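The block underneath contains the structure these notes are about, expressed in structure tokens.
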Amino acid sequence: MVAFSPKALRLLDAAVEAHAARSERDRWLSWKAAHPGHRHRADEPRRLEEPAALPGDVVDIVLGALEAWGGGLRDELVRCRDSDEDRIADLDNQLSYLQSVAAFIANAREKPRRDRGLKRA
């Protein structure tokens, strides 16, 4: 099962809100509302009733929003390369976290079902 920490959900919500089209935001919010088991805190038991993967359209929406969000962070990092080291470290950490969440989501995409060559009567 795919489960997101509260921090990951805050990142996803912010990225989708800032960078996705209205219809994409609506799709993300409706999917998230229909699948509360994907919200997970470390101190809670896992809910096994949720599907193990994310629908392809939801993955595409979230990854697109994360890419746009990351592009803004990378631009800011370039602009402040000669300034405050704490700000640079903060941006590096944000980018690293964003990339790890994006990789997790990319791996959680529903796989297409394949016909295993079984003949049907």
Using Cα-only point scatterers and the Debye equation, what is log10 of I(q)/I(0) for the range 6-107 at each q in 0.10, 0.11, 0.19, 0.20 Å⁻¹, rounded to two decimals?
-0.32, -0.39, -0.97, -1.04
With label points set 7 Å from each Cα along the Cα-to-Cβ direction at Cys80 and Arg39, the distance between them in nm comes to 3.0 nm
Ranked from highest to lowest mean number of other Cβ atoms within 10 Å per residue, what is the order of the peptides 86-98, 59-71?
59-71, 86-98
So, with points 7 Å from each Cα along the Cβ direction, the Ala18-Phe104 label distance in nm works out to 1.9 nm
Efficiency by 1/(1 + (r/R0)^6): what FRET value for Asp92 and Lys7, r their Cβ-Cβ distance, R0 = 25 Å, to the nearest 0.05?
0.90
Could you derive backbone 3J(HN,Hα) for the range 79-85 from the dihedral phi with the Karplus parameters 6.51, -1.76 and 1.60 (θ = phi - 60°), listing whole Hz in sequence and x where the residue is Gly or Pro?
5, 10, 4, 9, 10, 4, 5
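All of the numbers you see were taken from the coordinates with simple rules; none came from a lab. What you are looking at is a predicted structure, and each value in this text was computed from that prediction instead of being measured. Cβ sites come from the backbone with ideal geometry, for glycine too, and all protein chains shown count toward neighbours.
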